[in-house]
Each structure stands twice: as C-alpha cells, then as structure tokens.
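Encoded as structure tokens, the structure appears first; notes follow it.
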Amino acid sequence: MILRDTMNIQELTAQLDQLEQAAIKTLNSADTAACLEEARLAYLGAKGEITVLLKSIAKLDKDERPVVGKVANRVKEAISAQIDLRKNELDEQELAAKLSQRNLDPSLPGVRLKLGHLHPLTQVMNDICKVFYGMGFSVGSFPEVETEYYNFDALNFLADHPARDSQDTFFTNAGKHVVLRSHTSNMQIRTMENTKPPLRVIEAGRVYRNEEVNARKYPIFHQVEGLLVDKHVTLGDLKGTLNEFIRVFFGRPLKTRFRPDFFPFTEPSAELDSQCPFCTGQGCKTCGHKGWLELLGCGMVDPAVLQNCGIDPEVWSGFAFGMGIDRLVMLKYNISDIRLLFTGDLRFLEQF
Amino acid sequence: MKLSFDWLSDFVDLSGLTPQEVAEKLTMGAFEVEQIRQVGVDIAGPIVVGEIVEINPHPDADRIRLTRIKVDLDAQPLDIVCGAQNIIVGQRVPVALPGARVINRHTGAPLHIQESVIRGAKSCGMLCSAAEIGIATNEVDGIYILPGVPEIGEDARKLLYLYPDWVLDVEPRSNRGDAMCVAGMAREVAALCKRDLREPEWELAPESPTEEIQLRIENPEDCPFLSIRVIKDVIIKPSPIKVARRLEAVGMRAINNVVDATNYVNYELGQPLHAYDLPFIKGRLIEVRRGKSGEIMTTLDEKRQKLSSEILCIADAEEVIGIAGIMGGKDSEVGDNTNSIALEAASFSPVRIRRGSRLLGKSSEASLRFERGVDVAGVRKASDRCTYLIAQTCGATVGKLSTAGSDSPRSISVTLRLPQIKRMAGVEIAADEVTSLLTPLGFKLTKRKADEIIAEVPSFRQGDVSREIDLVEEVLRLWGFDRVEASLPQSAPAPELPDDTLNIIRHALTACGLSEAITGSLTKREPGTFNPEPQENGDERGDVSHHKSDKNGDDNAKGDSGSTVIEVLNPLSEDHQIMRQNIVPGLVRAVSYNQDHGTDTVWLFETGKGYFKVGKADDRHTGVKEETLVSGVLSGGLPLVSWQGGNQALDFFTVKGVVENLCQALRIDPEHLDFLPVEHPAPWLHPGQCCQLIVKQESHTEQKNKTEPKSQTESIGVLGELHPGIVNKLKLRGEVYVFELSVDKLRAVRGDIEYQEVTTTPSIVRDLTVDLAVDIRHDDVSRSIKKRSGKNLKSVELVNIYKLDETHRSLTYRLSFQHPDETLTNEEINQKLEMIRKSLTEDFKASFR
C-alpha cells in the first residue's frame, strides 16, 4: 500500500484501520511460531507494510504528518501487541502439547557406559586397613621377594623348621637365601628395624606357598598383618584391639574367643575365633556348624624377635596378628573355588 | 591325634566330666578338638556274670523256660525266664539285672530291664545274647556263653569291655611332641580340669638272661639313646579284647599281640617302638647309621626305598632292616611263626626323622611323634610297658634291656618373675596359683623371692619351654586366655594419611568402565608371545620402566643368562615358574578366558607388582626391585549399554583416553604429558600402534636453590595395540588395546589442585584450520599455537581432522581467548592469529584457507 498524494487524511486513516484489521486477522490465524514470525515480518519487518507506510509519512504535508503519524503509531503498537499476545498463546499451546506427551516407557534400559568393579579382595583389604587406620595404624607395603632372614630367621624360626622346606616355601634364583615370602610377617622385622617404637603398622599383601592348586589352595594368596609395639602393651590390649576390629568390620559386636596356639614369633600365641557372623553362632554351613569362625592368628611379639630388631623386651612389648584374606572373602560371599579370585572372569568380578 | 576318652581315664580322673566338657577345656587350652565321635557300646549296668544253676520247663509254654541264676555267692539264685535253647546248667552268662539298659536285638533301640511276670512266671532280669550287649558275632541266636570261668557277680561289661567311648580328634601341636599320646594329653587334661593324674598299675616280669645283641650308634646327634630287649618264647596270637578295642577306637587295625603292644604303647606313652623277628637280625648287631647311596630296602608296606646319607637307618651286621623312626623292614617283620623278638625303643633326632620322612614321602605314627620330639627319659619305661603287655598275653621270657647312648635328661631351670605376667597380660596371678597351675604339667617349682619362682622343666617339655616368656605363656593358657580382660592400647599420635595413589587409580579406572582383576604374580614362561625368545644379552622385558640391570653397572648381579627375571627354583608347575615383570600378559589371558566363556567386551585392569633382579643378594638384601604397576586391557567394544546403537570400534585413542583420565584423576597437568614413539617396544605391543607416556616435571628442589629450573622427563609406561601376532596365537576376537604404567612413577608426578579465579570478561572464540603434511604431529602444532598466542589464550582444542590427500591433512583448532580484566578487541585477536599463521607456516610449512 502506497500513500498517494491525492489521498486525504480520512482515506488514509481508514486505510490504516483496514490494515490493522487485516493484520490482526492474519496474526490470529498464524498457528505456528514460524507463521507468526512470517506475519510479523510482513507488517513490521524492514519491508513490512506498516514500516513502509510509516516511512511514506515523510512525504505528507507538514501539518498532516502528526495526525497520520499518530494513527500509524497506534496501528503499529496494536499489531505489536497482537503479535506478543499471539506469541504467548502459541507458546502456551506448545508447552501444553509437550506436556501432553505420555508415550514414555521408563522400563527401557538407561543408555550408559558401564562402571567397572573393584575386586572383592581389594574391597575387603581396604576395609580392614581402614578399620586399623582408625585405631592409629599406619598402612605400609613390604617386599614379597624376601630374604630368609626377614621371612624366617629374625622371626625366631629354627633352622630346621618345616615351613622352610622347599615343599612349603618357594626359593628363587635371586640368591641362595632369597625366597618368596610365605607370610606377611616379614613386615614385623622390617618395620621394627626401620622405626623406633612406639609403632603401629598394618599391611595387606600377597604371599606365596608351594601348595598344589585346588579349590581351597592356590600358591598365591593374600594376608593382612598388623603390629603394635609400645610400653605397657598387654594381651588384654590385643584382645580389645581385635574385638574392636571385629565389631567394626562385621558391623556389630560378635563374641570372640582366644584359643592358645603356637607360632615361632609370638609368645603367648592364640587363634582368634569369632562367633560366626553368618549365623551369629547358631551353626551354619559356613562355620561347619561350630558356631565359631577361625579368623586369625595373633600373639604377643616374642622377646627374641624384639631383640633381633634391637628393641629391649624389658622396656617394650607388643602384639602382632595376621589373617588370610582369600578365605575370608570366600566365606563372606560363599565362593566355592579360590581360583575364581584369580581368573579375571567378568561374570565373577561384575558381582562385586 | 585321636584320643579315646576311656583310655584317657586310665591316666586322669574324669569322673563327672563329659567328653564335651573335656573337649572344650582342651580347645581353650591350646589343643583344639575338631570333633567328638562316639564309639564302643552304649549299654548300662547292672550287667553281671551269672551261673545257670537250674533250668525248668514253663508249665504253660513250650518255647520258654524258667531258670535259676546265681549272680551273688551270698544270696539265693534269681528266677529268670528265658526263651533261648542253647543254655545248659553250669554255664556262666551275662545277666542284665533290673535297672540295666541293653540293646533290643531286633531294632537296636535301648531295652530297659525290669522285674516282670512272663506268662505267669516271675522274671528278675534277662540272660543276654551277644547282640543284646553289643558284641558283633557270627554265631546263631542264643545266649552269649562266657568263655572260661569268670567270677560270679563280676561286672560283665568290664569283663567284655563293653563301654560307650568317645574319640576326640585333637589337633596336634607342632612344638608339643609330648602331647602326642594318652599320658601326655592326660597331663593337659589334669592341669586344665584340675583333676588328679593317675597311672595304670603294672609290673614287669623278672628279667632273664638272653643272648646279647651288640648296639652301635654312628652319631649320637642322630640318635642319643637306643635300647633293645630280646623277648623269647613269644606266642603270636590276637590281642586281648581291651587292647584291640582301644586300638580300633583310635583308628588302628589290631594285628597280633606283639605288633599291637608296640602300637598301644606308642599311643599311650608317645614312644614309638618296633619289634623285629629276632632270627632275621644278622650278626647279633643293631646299628643306627645313615643310609648309603645305592642301598635299597623294602619297608613293611612292601615298598622299595632308595636310601641315602640323609636318611637314618637301623641296620644289622649285613644290611638295613628298618628306617629309623619311620618304618620297619619287611624281612624282619613279626609274623605268625615268630617266637622271639628284639624290641627296639630309641630316641631319634626330630630333624633327621623329618628329613627322611619328607625325602621318602612317607610318614607314620612313629615319624609324626619323632618329628615333634620324643622324651629321651621315657624310652626305658615305654620299653618296659610294651614288654609287660606282650608277656601278659603269652608268658614270654623277658630279656635284659641293652642300651647305647645316654637317656639322662638335661636339667633346665627357668626363673619366672611374677610381675612379668602382669606386664604381658595385665592380670595378677599369685605365686601359689602359679604353682598349682604348673605343677600338674610336671614342673617342679621353688619360690625364690616373694615375686620370683624357679621352675625346673621336666624332660618332656624341654623342647618348648626354656625361657621366662614360655612359662608366662603356660601360666596364662592354664589360667585362661578368656579370663584376660579386653582393653585398648593407650592412645597414640594420628598415623600419616595412607598413600591413596592406588585407590585413586582404581576408582578412576572403574569409572572408565574397567573392572579390577587379580592375576598371578608367579607365572609361566611364554617365549614367543610375552617373553622374547631367550637370547644372549637380551633385555628380556618390555619397555615399561627401563629396569635394565646393566644400569647398575654390575653385570654379575644378574643371573647367568644376564636376565633380570626371578625364577622359582622349586616350582610347583610350569604355570608358576617366574615372577612376572609385566601385568599385561595375565590380563590378556583373562581376555582369552572371558572370550572363551562368551564375554566379548572385556575391559580389565590390575594393580600389582613387577619383580626385577637388579643387584646382588646377601642375608639382608634381596637385590630385587619390586615396582608397582597398573595395567589395563580393552577388547570388544565400549562397555556401553544402549538400545539406541552408537557403540563404536575401539582404537588407539580409546586406550589413550583411559590413560588420560587416569592422569587427570592423579591431577597430572595435561600440559606435562607427552605421548612419544617407543624405540624398542615390548614384544607384546604392535610396533606401529603404540607409544610411551612421558611426564615432564620441573624439579622443585633445584628451583628452591635458585639454580636453573630444570625440566625432567620420565617414561611412565606404554600404551597401544596388542601385537596382532599374539591376538592370532591366542585366537582372540578383534583387536586388543593395552596399557601398562608404573604406579611408583605416577605417584612421583602427582599434582595438586591449582585453582584459577573464574573470569567474567567475555571470551572470544576463533576457529583456525591448518593444512599440513600428515607427519606433522598434532601436539607440536598445538604447542606452537600456544607459544605464539600469549597469556590470554585460554584453550586450544582440536575439533576436526580432514584428510586432504595421501600426504596432507587439515586440522581445525578452536582457540579461546580471554583477558582476566578487560574485553579483548578483534584487532588484538587478529594480530595474534596472524602471528600464529606465520609461525606455523615457517615451522611446519602450513597453509591456510
């Protein structure tokens, strides 16, 4: 629409009104955001009808301009307002449409990258170390390839002790007296040689024994060993410390009993039985219907061992304990074959 | 060791104690009882010997008869109704009196005897058949007619040895040879249950002179004491019922009166004995000596044994007739026709017997005891006891005991300071109580001071008690470990935070989808796959951490082959021969295992050690370096769960991404990471699809000293594709990607959090596309861009690679600039970009479009 010179103000105003009505009709019939935008451009865009019309006002007489301008602005504002109104309507319709979607099957699997699993041995060893860390034990790591001195001699094993036989212990080509440690107790000597008491150390690690492979035995297995040396340490402290461990590890206090036993490097020595955590002492398959579970060996550090490490047994005393982890894990989860721990079978690992 | 409750009661008063109570005491007193089994016959008295004095027919019944039985010489005979037909007057039979409990011969159920009236006739008891009193017999039904003329009124159960018995399975203790017998366990039970010890009464028949046998001991260390007794006029026959029952109860087969007597005494007193058929001892000589190589003999179990100087033997003038402390010879075995024997009782060195037993792969009731130590002071008594038992059965002629060596024990006294008990256990035990605890075990105690006791150690405990602490242990064990009150140690300073590197790595890798495996660190040799073929001066390992032993400048440190590999000298099998130096082989085997079991996407990692022989060993040093490693293996696809598709094949960049995430978890600045080619890749890596991870680190100590800041680089490990040759050899499906890094080195380059203020000024982002020859590395380009961009460059990200032709490619980088305080202008950025283009052109012959 072009303003013609001949057009009088009345005609012009009428035309603007007409334009307004047409625009409002178009806007109201726009049923998508895209149509609405198209309509907005048609009227208010750079080349839109209203824009062009407003530009042509400049050609009018000086005194006519304000009159027409006023009308034109009113029309423009009315169209703008209508666009906003219609936009809101369309937005609400769209939202309502979105909200009306009900076709979700939430039972379809989530799309994800699977998380890996930590080995049960790692989990149990970490848990055990954490409990003892809480009781002031620092966590250490010690050699697996070891001299007979640290694995046997300094631990008070006699020269002809059966454990030293090649049927029990692996010997290596690294040296005449270099063996694969048969227990984690080498940490006791290495700790006491390097650290002055008072000391508290715990280690979880691998040990080796020359045993035929079967469902219960594997030449490689894991132990946790703890050592505490201080002034005035007693058998009662050993009992209390291990009772605390059992309470925290199993999540509830369980009865324990300390059965005297014999180890070359502790005196007195004991086996610690805990009330079977799986049946709370009622007797079950796991505990062989005894109600008790043999958990670990422990004892007061033998004075000869302290002396071997340059610690005066008349001043210091201490206790040590060691437990097999593979068996504990097998009992905990009812695993029938120790070899499952070492195959890397994902059907096994993914359960932990 | 199997312990008969009945036998035990010969040596200790067990009245009022149940086997369960005794087992509990033993278990808590250092001798674990694994199980209790009931054996013997469960019947109850009164069951006595009665003589049949009259048999009359029943007036109303043909099948039953009325008997009168004398069970008490001072009383009238009893009327007893009997259905059996095999009885005649004058026989003596077992009679169950009212109150007795016998066995229903039809059902096996308990049968309670009471006075009753049978078909109108009074019956005051029951005449017993064999089955009714638990005697197994082949005879047809009928009353059990007692052999001989046992006394009227005698307890028939005692006569026939019809008792319920319990066998306790006691775990033997390696340091307690003295407790491997009934008498030894009795001492423990007496001490633990506070009961009196007693001894069965017996007396050896007078000794008569017999032929002399010369004894000789080659080395007193092997055999401190040897005794031989000749016994003549022996008649071989079955053992008395009691001996046979007891041996059977503890799991031994009764053989004959002589062999059973030796076994019986071994079980009872813990002293092994052996009887030789005397005529088979040649030259009237018995010698204890080492075997000679080439010597061969046949043992009782008819096995041929090759002897050696490690094996202690019993020999006559001509040949070996027995393996000392382990097993006798077949030739001199006591048999049905034996009528004279030589009874050997001796003390042998525990070490020697154990060695022999291990070498021959043979253990016996004798060797089990000698290995744990047998009391030298008990040899004579055991020989006497055994001789007594043999003579009892057949009235043999007993010769004098010939001996060699010495059986006098050492005298060992140990001082026990009572405060030491308190110091070790936190409990106070008075001197009197200590005395009453230790005395039953055979210790002789004298009080020296108010708080000091001197204990004389009995000969049979000298093997395990020689120090004060050993006595403290004895006292506490008898007093009761369980009575020691639990306490907590005094508080201590907080421990250092444990090193968490391994756990961070584990968690980062599980977050990436890898599961943790644990594979054997003692593994097999695999030349041709994981280990290179053995070659001279070859570096036998992968290139993970450069443990070449020649770095130590000590070639002698290595084995003969110059290898750093640690071998086990006594391997169990080929599968457990060497200590691993890489974890990757174990993980690749796990991939194979999983693929064989139907799992294709296998993402695994393991943290553990590699073992390297790097130096010389001595008593205190192994010369071994144990390096903690982390390795991973990726096969199949992404561990993706999706029904929308989208899985993609793995490639080098998958494994690189995992390694980068791992480094990020350890806060290692990505700017410090370099992935460089490997000069001599491990044999298990694809030589063209692998690289090493380098971490550059500025040395902090040198910075402190204000010397030149020096940048150090360290190879942390390798990553890449598994060698396709191995994939083929192991028949793996698809490519496998692996990495292996040194945890020890990663730990050393771990970083800290370095926070930078978040800026609010707008950033300007520009893409820069660079056309380059394909052999120009991305990180060189990226580094060059950073160098020219100045400090306002926030990030450079590679967003696209486009292959132009065979020799050129186009890399698109997205550069983001930001000034902390000001808004950058386009002119500034354009200037920078111009500089970057110029330097890329100069450095890499780059072109731009």
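The values are calculated or read from the model by the stated rules, or taken from the named source; none is laboratory data. Small disclaimer: the values here were computed from a predicted structure and weren't measured. Neighbour counts run over all protein chains shown; Cβ positions are idealised from the backbone, glycine included. Keep in mind that these areas ignore ligands, DNA and RNA; they rest on the heavy atoms of the full protein, side chains included. Shrake-Rupley method; radii C 1.70, N 1.55, O 1.52, S 1.80 Å.
Of note:
- Test: A:A97 is exposed (fewer than 12 other Cβ atoms within 10 Å of the Cβ) and assigned to a helix (DSSP H, G or I): yes
- Of all the criteria given as (1) open to solvent by 10 Å² or more (accessible area, probe 1.4 Å); (2) within 22 Å of A:G116 (Cβ to Cβ); (3) in contact with a helix residue (DSSP H, G or I) (Cβ under 6 Å, 6 or more places away or on another chain), the one not satisfied by A:V329 is (1).
- Residues satisfying the stated conditions in the range A:171-202, i.e. assigned to a loop (DSSP other than H, G, I, E, B), within 11 Å of chain B (Cβ to nearest Cβ), under 20 Å from A:G318 (Cβ atoms) and open to solvent by 40 Å² or more (accessible area, probe 1.4 Å): A:P198
- Selected residue (criterion: farthest from the other protein chains (Cβ to nearest Cβ)) from residues of the range B:496-517 that are closer than 22 Å to A:G136 by Cβ and over 33 Å from the mean Cα position of the chain (by Cα): B:L497
- Looking only at the range B:578-635, residues that are at the interface with chain A (Cβ under 9 Å from one of its Cβ atoms), assigned to a helix (DSSP H, G or I) and among the β-branched types (V, I, T) come to 1 in all.
- The range B:160-194, residues that are open to solvent by less than 10 Å² (accessible area, probe 1.4 Å) and polar (S, T, N, Q): none
- Summed over the range B:28-58, the residues that are in a loop (DSSP other than H, G, I, E, B) and over 30 Å from B:I118 (Cβ atoms) give a count of 5.
- When residues in the range B:608-618 are screened for being surrounded by 15 or more Cβ atoms within 10 Å (Cβ to Cβ) and free of Cβ contacts under 8 Å to residues at least 24 places away in the same chain, 1 of them pass.
- Extreme residue, farthest from the other protein chains (Cβ to nearest Cβ), among residues of the range A:138-156 that are open to solvent by 20 Å² or more (accessible area, probe 1.4 Å) and hydrophobic (A, V, I, L, M, F, W, C): A:F142
- Scanning the range B:716-739 for residues that are in contact with a helix residue (DSSP H, G or I) (Cβ under 8 Å, 6 or more places away or on another chain) and either without any contact (Cβ under 8 Å) to a residue 24 or more places away in the chain or hydroxyl-bearing (S, T, Y) (or both) returns a single hit, B:Y737.
- In the range A:100-120, the residues that are among the aliphatic types (A, V, I, L, M) and either within 8 Å of chain B (Cβ to nearest Cβ) or not in a loop (DSSP other than H, G, I, E, B) (or both): A:L108, A:V111, A:L113, A:L115, A:L118
- Any hit, the range A:203-222, residues being within 9 Å of chain B (Cβ to nearest Cβ), part of a strand (DSSP E or B), in contact with a Gly (Cβ under 6 Å, 6 or more places away or on another chain) and under 26 Å from B:D499 (Cβ atoms): yes
- Number of the condition not met by A:F262 [criteria: (1) facing chain B (nearest Cβ under 10 Å); (2) in a helix (DSSP H, G or I); (3) touching a Ser or Thr at 6+ places or on another chain (Cβ under 8 Å)]: (2)
- Matching residues in the range A:340-352 - criterion: being within 10 Å of another protein chain (Cβ to nearest Cβ) and either within 11 Å of B:A517 (Cβ to Cβ) or surrounded by fewer than 16 Cβ atoms within 10 Å (Cβ to Cβ) (or both): A:L341, A:F342, A:T343, A:G344, A:D345, A:L346, A:R347, A:F348, A:L349, A:E350
- In this entry, A:Q93 passes the filter for residues that are among the polar types (S, T, N, Q) and at pLDDT 80 or above.
Conditions tested, residue by residue: (1) open to solvent by less than 60 Å² (accessible area, probe 1.4 Å); (2) over 25 Å from B:A179 (Cα atoms); (3) not aromatic (F, W, Y).
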position	(1), (2), (3)
B:E221	no, no, yes
B:L247	yes, no, yes
B:Y267	yes, no, no
B:I281	yes, yes, yes
B:S308	yes, yes, yes
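- B:V398 falls short on exactly one of the conditions (1) open to solvent by 20 Å² or more (accessible area, probe 1.4 Å); (2) away from chain A (no Cβ under 13 Å), and that condition is (1).
Residues checked against (1) among the acidic types (D, E); (2) at pLDDT 95 or above; (3) open to solvent by 30 Å² or more (accessible area, probe 1.4 Å):
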| site | (1), (2), (3) |
| --- | --- |
| B:A324 | no, yes, no |
| B:A342 | no, yes, no |
| B:F348 | no, yes, no |
| B:V351 | no, no, yes |
| B:R355 | no, no, yes |
| B:L359 | no, no, yes |
| B:S363 | no, no, yes |
| B:V374 | no, no, no |
| B:R380 | no, yes, yes |
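- Test: residue in the range A:121-130 that is open to solvent by less than 50 Å² (accessible area, probe 1.4 Å), assigned to a loop (DSSP other than H, G, I, E, B), aliphatic (A, V, I, L, M) and at the interface with another protein chain (Cβ under 10 Å from one of its Cβ atoms): no
- Odd one out for B:S487 among (1) modelled with pLDDT of 95 or more; (2) more than 9 Å from chain A (Cβ to nearest Cβ): (2)
- In the set (1) more than 9 Å from chain B (Cβ to nearest Cβ); (2) acidic (D, E); (3) farther than 20 Å from A:P219 by Cβ, A:D168 fails one condition alone, (3).
- Filtered residues of the range B:112-136 (kept if free of Cβ contacts under 8 Å to residues at least 40 places away in the same chain, farther than 30 Å from B:A244 by Cα and not in a strand (DSSP E or B)): B:Q114, B:E115
- Failed condition for B:I231, given (1) surrounded by fewer than 19 Cβ atoms within 10 Å (Cβ to Cβ); (2) in contact with a Gly (Cβ under 9 Å, 6 or more places away or on another chain); (3) outside any loop (DSSP other than H, G, I, E, B): (1)
- Those residues of the range B:468-489 which are acidic (D, E) and farther than 20 Å from B:D451 by Cα, in sequence order: B:D482, B:E485
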